[in-house]
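A quick write-up on the structure given underneath.
Readers should treat all values here as calculations from the given coordinates under stated rules, not as data from a laboratory. If you're wondering where the values come from, they're calculated on a predicted model, not measured in any experiment. All Cβ positions, even for glycine, are placed from backbone atoms using ideal geometry, and neighbour counts span all protein chains on display.
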Amino acid sequence: MVGQLPLPEICTFHNLTGLPCPGCGLTRSLVAAAHSRFKTSFAFHRLGILTLFTILVQIVYRSTVICVAHQSRLLIRTGKILNKGFIILGSLFLINWVINLIHILY
């Protein structure tokens, strides 16, 4: 492993406003979670582990849809549930962002 080098600042929102965007720290959090460093993942972004889980579930679901010749009722129902999950995850990102902004600004 190469030494701990800081990653460059590429977040346009942060560069323009000085405030973190809703996804700030998410990439580092996903990498840490993928390496089973869950405490570190949570420290980078509270929703990193949940996001990684969502990505993995989507990969399994989408692969199943591609491999199965016909769309069963179960697959259609599962797809609808996963779509609602995206709405919930997006809402959690906004809530998390507001909490972070409150901590920074007050």
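Here are the numbers for this structure:
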item	result
Protection-proxy order for peptides 88-96, 19-27, each taking the mean of Cβ atoms within 10 Å per residue, highest first	19-27, 88-96
Over the chain, relative contact order from alpha-carbon pairs under 8 Å, at least 6 apart, %	22 percent
Reciprocal of mean inverse Cα separation for region 12-105 (Kirkwood radius, Å)	14.9 Å
Normalised alpha carbon radius of gyration of region 54-94 [divisor 2.2 N^0.38 Å]	1.27
Proxy reagent accessibility, fewest Cβ within 10 Å first, across Y106, Y61	Y106, Y61
Degrees separating the helix 73-105 axis from the principal Cα axis of the chain, which is the longest one	10 degrees
